[in-house]
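Computed from the coordinates by the stated procedures, all read-outs in this text should not be read as laboratory data. Keep in mind that this is a model prediction, so the values were computed, not measured. All Cβ positions, even for glycine, are placed from backbone atoms using ideal geometry, and neighbour counts span all protein chains on display.
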Amino acid sequence: MKRKQFGELEDSVISLFLKKGCPLSVREIHSALGKGRAYTTFLTVVSRLYQKGVLSRQKEGRGYLYLLKKAKENTLFQKIKNSLLTASPVQVLSFFFDHQKNISQDEIEQIEEMIQNYKRKQK
């Protein structure tokens, strides 16, 4: 069986769905992530994610609204989740920081706060 892998742009699209938590059109995805890329690039990426079974879609006007499939329905998502849960926190954070391009100061402070809360609970 062929292994499904995601490219950088596919990862960005999946992350956007996780962040928004609601159905999105290709136009909305392009608006959020465009950064000089063509609309058709996102149309291709979303179509591929749909073909891989990562996204579901529903007809909306002349186009589609896409939604990240629920974890129960998406075994690939489950595998990623399980990999994250079985990896060490250092590995997960290291991977995250190595691949995340724009981490805001606010987000860094939120991560630091989570670590401090965890330390307090451990005492």
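Take the Cα pairs of the chain, get the Kirkwood Rh, then feed it into Stokes-Einstein at 25 °C and 0.890 mPa s and tell me D in µm²/s. Can you show the working numbers first?
Details: Rh = 16.5 Å.
For the chosen part, D equals 149 µm²/s.
Within the range 39-119, list the GluC sites (Glu not before Pro) lying in a DSSP loop whose Cβ has at most 12 other Cβ atoms in a 10 Å radius.
Within the range 39-119, the qualifying GluC sites (Glu not before Pro) (loop, at most 12 other Cβ atoms within 10 Å) are E73.
Considering the convex hull of the alpha carbon atoms of the range 8-68, report its projected area averaged over all viewing directions, in nm², one decimal.
Dividing the Cα hull surface by four gives the mean projection, 3.8 nm².
Would you grab the residues whose amide H sits under 5 Å from the one on L55? Only those 5+ places off in sequence or on another chain, please, with H modelled 1.01 Å from N.
Amide H to amide H, under 5 Å and 5 or more residues apart or across chains, L55 pairs with Y50, K69.
Pulled fully out, how much extra length does the chain show between L16 and I80, if you take 0.36 nm times their separation in residues and subtract their Cα-Cα distance? The partial results should precede the final answer.
On the way: separation 64, 0.36 × 64 = 23.04 nm, distance 1.62 nm.
Between L16 and I80, full extension yields 21.4 nm more.
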